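Coordinate-derived values only; no laboratory data. Note that the coordinates shown come from a computational prediction; the quantities given were computed from them, not determined experimentally. Note that each Cβ is placed from the backbone with ideal geometry, even for glycine, and that neighbours are counted across all protein chains shown.
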Amino acid sequence: QTDDAQQFHTHLPDVPIGILDAQRPTDTELLQLSTWADQINPQHTVTDQTLVDRIHQLGMNINVWTVDDPSTMRTMTRLGVDGIITDYPQSLTQH
């Protein structure tokens, strides 16, 4: 899967590439991905401050998925994620 995305990047380097993964990427994977990927988009359940900070340190953005609960949205926002993928965007305005 990442081989296809990397090959796509080689042919169209101006198109941003985001990697969607349910698993938490290892630091080795992040280092390799940072050479060509623009975004790492993990499942929110594997995301913590360390992961957000490391992805940013490597010059990439992080968008988490699928976050439908307002409390979890606020938690992810406090961690500093760049985006939230949700089925219910109106949930962010609920308290």
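Run the helix sum for the chain: -39,500 (n - 2.57) per DSSP H stretch of 4+ residues, divided by residue count, reported at 222 nm to the nearest 500 deg cm²/dmol.
Using -39500 (n - 2.57) per qualifying helix, the result is -10500 deg cm²/dmol.
Of the labelled options [x] 0.99; [y] 1.43; [z] 1.11, which one gives Cα Rg over 2.2 N^0.38 Å as computed for this structure?
The calculated read-out lines up with [z].
Around ASP21, which amide H atoms from residues at least 5 apart in sequence, or from another chain, sit under 5 Å from its own amide H, with H modelled in the peptide plane?
ASN41, GLN43
Could you work out how far apart the two model spin labels at ASP38 and LEU20 are, taking each label as a point 7 Å from the Cα in the direction of the beta carbon, and quote it in nm?
If labels sit at ASP38 and LEU20, their model points lie 1.6 nm apart.
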